[in-house]
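J.: The following block contains the structure, expressed as structure tokens.
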Amino acid sequence: MTDIPTIIHLTKSAADALAVAVEDMPADRLTWSPTEETRNSLDLLHEVSESALWFAEALRAKSSANLTWNIWQPKLREKAPTNDVGELITTLQKSVAEFNDALSAYEPEELDQPLPGSDWQPSPREISFFPLRNAWYHLGQIRYIQTCYGDFS
């Protein structure tokens, strides 16, 4: 059984670590990527913010109607709307806080009830892992990008 307060704490911690990783980068490397087709660190930061909001909205609506691949897939190609690291980190923090608030609003007996509206129909407990997993995943990518340009600290 998933301990929701622990997931909430870990999600905030993962987002904080992601923010630190991007803040640690030199300004001239924030928009660097290994190839022209791949996203840079700011783009990945943006995706983590967007995905936290996406799941927060599903939790608040108690609906999985927008939790479909055809809605999310185009978002994976989005670029960050700004190169302002501070603005992107503020957005990330707000998005994660919204997700955590939406998740914590559920009563224990509601956590395993499927959210209707799509073929997936996840429960809030199942959804609870996604922003955390996404932040950890992209933190690893950003740390890898740093090694690609020679930063091994």
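J.: Which pairs do you get when a residue that is touching a residue at least 12 places away in the same chain (Cβ under 8 Å), found in segment 44-71, comes within reach of a residue that is among the β-branched types (Val, Ile, Thr), reach meaning Cβ atoms under 7 angstrom, with the pair 6+ apart or on two chains?
T.: Final answer for the pair search is LEU44/ILE142; LEU45/VAL22; SER49/THR91; ALA52/VAL96; PHE55/ILE127; ALA58/ILE127; LEU59/ILE127.
J.: Something else about it: Specify the residue that is farthest from GLU78 (Cα to Cα); the eligible residues are those in segment 21-57 that are of a type in the set (Val, Ile, Thr) and more than 15 Å from the chain's Cα centre (by Cα). Show your work before the answer.
T.: Of the residues in segment 21-57, the ones of a type in the set (Val, Ile, Thr) are 22, 31, 35, 38, 48.
In the following step, the residues that additionally are more than 15 Å from the chain's Cα centre (by Cα) were identified as 31, 35, 38.
On the way: THR31: 14, THR35: 16, THR38: 11 Å.
Result: THR35.
J.: Here are the criteria: (1) open to solvent by 10 Å² or more (accessible area, probe 1.4 Å); (2) closer than 22 Å to THR90 by Cβ. Tell me which single one LEU44 does not satisfy.
T.: (1) is the only condition that LEU44 fails.
J.: Could I ask something else about it? Is it the case, given these coordinates, that SER49 is open to solvent by less than 80 Å² (accessible area, probe 1.4 Å), in contact with a helix residue (DSSP H, G or I) (Cβ under 6 Å, 6 or more places away or on another chain) and of a type in the set (Gly, Ala, Ser)?
T.: Answer is yes for this residue.
J.: Sticking with this one: Does any residue in segment 88-102 that is over 20 Å from GLU23 (Cα atoms) come within less than 6 Å, Cβ to Cβ, of a residue that is open to solvent by 10 Å² or more (accessible area, probe 1.4 Å) and not hydrophobic (A, V, I, L, M, F, W, C) six or more places away or on a different chain, and which pairs are these?
T.: Final answer for the pair search is ALA102/ARG60.
J.: Now a separate question. From the list PRO5, PRO34, which one is over 17 Å from GLN93 (Cβ atoms) and touching a Ser or Thr at 6+ places or on another chain (Cβ under 9 Å)?
T.: Only one candidate qualifies: PRO5.
J.: Out of all the residues in segment 1-25, which are assigned to a loop (DSSP other than H, G, I, E, B), of a type in the set (A, V, I, L, M) and open to solvent by 60 Å² or more (accessible area, probe 1.4 Å)?
T.: Here is the first cut: in segment 1-25, the ones assigned to a loop (DSSP other than H, G, I, E, B) are 1-3, 24-25.
Those left that are additionally of a type in the set (A, V, I, L, M): 1, 25.
Selection gives MET1 alone.
J.: Sticking with this one: Only helices (runs of 4 or more DSSP H) wholly contained in segment 26-127 count here; list those with 3 or more residues that are farther than 22 Å from THR11 by Cβ.
T.: Details: elements: 41-61, 69-72, 85-104, 124-127.
Helices (runs of 4 or more DSSP H) meeting the threshold: none at all.
J.: Let me ask something else. Let me confirm something: among PRO131, PRO114, PRO81, PRO108, which residue is surrounded by fewer than 18 Cβ atoms within 10 Å (Cβ to Cβ) and within 30 Å of TRP32 (Cβ to Cβ)? Reasoning before the result, please.
T.: Details: PRO131 fails: surrounded by fewer than 18 Cβ atoms within 10 Å (Cβ to Cβ); PRO114 fails: within 30 Å of TRP32 (Cβ to Cβ); PRO108 fails: within 30 Å of TRP32 (Cβ to Cβ).
Checking each option against the conditions leaves just PRO81.
The values are calculated or read from the model by the stated rules, or taken from the named source; none is laboratory data. What you see is a predicted model; the values in this text were computed from it and never measured. As a convention, Cβ positions derive from the backbone with ideal geometry for all residues, glycine included, and neighbour counts pool all protein chains shown. What goes into the accessible areas is simple: the full protein's heavy atoms, side chains included, and nothing from ligands, DNA or RNA. Shrake-Rupley method; radii C 1.70, N 1.55, O 1.52, S 1.80 Å.
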